[in-house]
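Just below is one structure, and these are the notes that go with it.
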Amino acid sequence: MDAQQALADLTEISSQIQAAVVFDDKGKVAGSTGGNGEALARAASELLATAEELKTGDSPLSQLEVATGEGSVFVVREGKTCIAATTGADPTVGLVFYPKKPAPPRRKTAAAPKAKAAPRKKPAPRKKKPDAS
């Protein structure tokens with residue numbers, strides 16, 4: 001999937017995204033939407049570098065959120081590829097982070113046909129009450 005398609009999918013799923021960019025570890029922009037991709041890639045790279053200096057543990061950061069009262073910046077990194085996105089205030093974090101995670105590999109086997117649901121049984125007719133006369 002190319003960068004522009006990934007961004008189109010991301011903004012379709014996460015309507016709260018105002019701008020997004022796909023870039024590599026050198027800052028080279030592969031695609032952007034909704035703003036200045038070069039500036040967003042630079043800012044996201046600086047955020048990642050600062051967060052790397054402050055983090056605990058040895059594993060590299062894979063995702064980062066920076067929030068202010070006016071909005072948020074999200075960065076997801078896998079290997080040498082990063083995606084950064086900006087939103088307004090109080091975004092639904094899962095809708096921003098989730099689509100950026102890599103999709104599981106697709107299997108090339110044919111899917112099994114879905115079984116049809118059994119038809120519903122008709123209710124038995126009600127018995128008439130005998131007249132009380």
Highest to lowest packing among 44-53, 80-89, scored as the average C-beta count within 10 Å: 80-89, 44-53
Extension gain, Ile13 back to Lys127 (0.36 nm per residue minus Cα-Cα distance, nm): 35.6 nm
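All of the numbers you see were taken from the coordinates with simple rules; none came from a lab. Just so you know, these numbers come straight off a predicted model, no measurement behind them. Heads up, the Cβs are rebuilt from the backbone with ideal geometry, glycines too, and the neighbour counts pull from every protein chain shown.
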